[in-house]
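Trainee: Here's a structure for you.
Coordinate-derived values only; no laboratory data. Note that the coordinates shown come from a computational prediction; the quantities given were computed from them, not determined experimentally. When we count neighbours, we look across all protein chains shown, and the Cβ atoms used for this are built from the backbone with ideal geometry, even at glycine.
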């Protein structure tokens with residue numbers, strides 16, 4: 001019985017060790033964890049408290065944001081398949097909403113290729129007095145901060161090996177407060193960082 005168990009264990013080790021080493025080498029060579037989307041530019045047309053219907057504890061925040069979000073496949077030979085892309089905007093901890101338009105997926109991205117998508121976020125959301133006070137402070141200081149969270153499901157396929165990865169990234173954007181009919185522009189570009 002013990003001899004049979006030892007033999008099966010050895011067979012498992014002989015089978016899985018080369019396979020595990022192969023996957024490790026492929027992962028180290030292609031490093032899918034180095035993939036980072038980036039926001040190339042953004043336009044904040046509105047981020048202010050709506051007039052009227054205000055109470056002591058509840059206000060409405062009006063927002064209108066559009067960004068250019070780019071995904072770069074820097075690999076020389078490896079293609080990436082995007083199964084799902086989602087983008088959501090936040091002001092502080094307040095969720096402004098998912099992108100108004102559907103982002104393209106699934107699609108395949110060839111080596112040394114960049115794909116740009118254009119999510120936009122528009123609407124109103126109820127906020128409490130602390131969020132309203134924070135927005136007033138930021139407007140007075142001359143800079144408002146918005147975060148775009150990107151969620152991705154990617155597939156890397158190398159020969160017969162196929163790995164699926166789930167990522168979340170935070171893209172931090174800062175704008176001068178939009179004034180009247182003049183939108184604020186973010187043109188500096190920024191890399192998005194993985195959320196652990």
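Trainee: Stretched out fully, how many nm does the piece from residue 86 to residue 7 gain, at 0.36 nm a residue minus the Cα gap?
Mentor: 23.6 nm
Trainee: Expressed in nm to one decimal, what extension gain is obtained for the pair residue 182 and residue 196 from 0.36 nm per residue of sequence separation less their Cα-Cα distance?
Mentor: 1.4 nm
Trainee: Would you mind giving the average projected area, over all directions, of the Cα convex hull of the stretch 117-196 in nm² with one decimal? Show your work: numbers first, answer last.
Mentor: Values: hull surface 32.3 nm².
Dividing the Cα hull surface by four gives the mean projection, 8.1 nm².
Trainee: Per 5 Å bin from zero, what fraction in whole % of the C-alpha pairs of the stretch 59-196 is there, up to the bin with the longest pair?
Mentor: 2, 9, 17, 21, 17, 13, 8, 6, 4, 2, 1, 0
Trainee: Please give, to one decimal in nm, the separation of the simple spin-label points placed at residue 124 and residue 49, each 7 Å out from Cα toward the Cβ.
Mentor: Between residue 124 and residue 49, the simple spin-label model gives 1.4 nm.
Trainee: Taking 0.36 nm per residue of sequence separation and subtracting the Cα-Cα distance, how much length would be gained by fully extending the chain between residue 151 and residue 70, in nm to one decimal? Before the final figure, lay out the partial values.
Mentor: Numbers: separation 81, 0.36 × 81 = 29.16 nm, distance 1.33 nm.
Value of the extension gain: 27.8 nm.
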